[in-house]
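Below is one structure; the comments refer to it alone.
The values are calculated or read from the model by the stated rules, or taken from the named source; none is laboratory data. From a predicted model like this one, the values you see are computed outputs, not experimental measurements. All Cβ positions, glycine included, derive from the backbone under ideal geometry; neighbour counts span all protein chains shown.
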Amino acid sequence: MANLETSYMGLKLRNPIIVSSSDLTRTKAGIIHCQKAGTGAVVLKSIFEEQFHDLGEIQESDYGFYPEAVDYLRSGGLLEYGPQEICAMIEEVKKEVDIPVIASINCLSPKLWPRFARQFQEAGADGLELNIYFLPLDLESPASEYENHHVQILKEVKKAVSIPVSVKLMSQLTSVPYLANQLANAGCDALVLFNWFVQPDIDPEKLKTKSVIGKANFYQSLKWVALLAGRVDCDLASSGGVRRADDVIKQILAGASAVQACTLFYEKGLKAIPDLLKGIEDWMDSHNNAVIDDFKGELSFKNQELTFKGLGQAKAYFRAQYLKAYAGLKEEEE
Ligand SMILES: Cc1cc2nc3c(=O)[nH]c(=O)nc-3n(C[C@H](O)[C@H](O)[C@H](O)COP(=O)(O)O)c2cc1C
């Protein structure tokens, strides 16, 4: 029978499914449920910088502070989910589960990232996920300014801890490969593609703007996993839009070491995990893949690159595919 074990950011996972950062992983009971359902690892609900503002620990931030942010956290019950509480929860949960527990941090000012990171490491977290999100608003700031900030944050955190660190990226970056490579060179152990986001909408009757939750784009994640795998020196996890075992298999064929999901578990419950695992196992058995590494990255760009004469020809190929789509031609069935 197929062996689903995988290695992700230096951690050994019994299978490639990770319950991603969400309310499903916010409590000890929730994490124990995830382990029982069969997940390979969990990423804890993120801790947000604004939780410190309420404690009066930060008076000002270079990145601005909107007082209502604390009210939003309070309404969502997140003020009780402070750093001490999370550390105590990590200590407790680590006594009861044997799957890797990855803590998640979402800050703005550079000084808090390493501080949370150190606390979570001391509490016993097996790894850290840096959930980095910026909205570029400034007309004078080039993309490189925002992107360098990612590398700065990672470097500060890596100085503070010895456990593996991943970065969960936003998809709206000018050059995903360039930043991914910079992060990998700065010691990033894994990249998570991609972050969750909110989108603006307009109510034309009330003449008001509002925020709506963006829908994860599975194909966006699949594309970048395939384009980066084996070319940057760190592991990759997909995050977004996984609903079926086939989706997990596609991401691994593209080069992912692990696949994060959560909307599926909100919709179908954690019982969806054994279904995913069974689907992956059956597919591996029917394709004679004994272990994940047998097919990981088989359809990555790196593996296909051998069929191109350098990046120039690859670019020409992608240009041709683009034109083919615009010419209304369909992919040929084999
Ligand atoms: C209710 C809910 C809460 C979430 N909270 C966080 C969070 O605190 N930190 C984070 O990095 N991602 C958070 N996410 C995003 C998920 O981790 C994941 O990246 C995203 O939902 C895309 O994957 P999916 O299509 O499987 O849902 C949240 C998602 C949901 C649905």
| remark: Residue hits (region 283-334; surrounded by 13 or more Cβ atoms within 10 Å (Cβ to Cβ), at pLDDT 85 or above and not hydrophobic (A, V, I, L, M, F, W, C)) are ASN289, ASP293, ASP294, LYS296, GLY297, GLU298, SER300, LYS302, ASN303
| For SER109, which of the numbered conditions (1) over 22 Å from LEU44 (Cβ atoms); (2) small (Gly, Ala, Ser); (3) in contact (Cβ under 8 Å) with a residue 60 or more places away in the chain fails to hold? | (1)
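Can you confirm whether GLY230 is more than 16 Å from the ligand (Cβ to nearest atom) and under 17 Å from PRO110 (Cβ atoms)? Spell out the reasoning first.
Values: more than 16 Å from the ligand (Cβ to nearest atom): yes; under 17 Å from PRO110 (Cβ atoms): no.
Against the criterion (more than 16 Å from the ligand (Cβ to nearest atom) and under 17 Å from PRO110 (Cβ atoms)), GLY230 does not qualify.
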| remark: Filtering region 245-275 for residues that are among the charged types (D, E, K, R) and within 11 Å of the ligand (Cβ to nearest atom) leaves a count of 2
| message | Need the failing condition index for CYS234 against (1) in contact (Cβ under 8 Å) with a residue 12 or more places away in the chain; (2) surrounded by fewer than 20 Cβ atoms within 10 Å (Cβ to Cβ), just the number. | response | (2)
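Would you confirm whether any residue within region 98-108 is surrounded by 15 or more Cβ atoms within 10 Å (Cβ to Cβ) and modelled with pLDDT under 90? Explain how you work it out, then say what you get.
Step one: filter region 98-108 for residues surrounded by 15 or more Cβ atoms within 10 Å (Cβ to Cβ), giving 99-108.
Then drop every residue that is not modelled with pLDDT under 90, which leaves 107-108.
Scanning region 98-108, I find at least one residue that is surrounded by 15 or more Cβ atoms within 10 Å (Cβ to Cβ) and modelled with pLDDT under 90, so the answer is yes.
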| query | Which of the residues that make up region 135-162 are exposed (fewer than 12 other Cβ atoms within 10 Å of the Cβ) and either under 15 Å from the mean Cα position of the chain (by Cα) or among the basic types (Lys, Arg) (or both)? | reply | LYS159
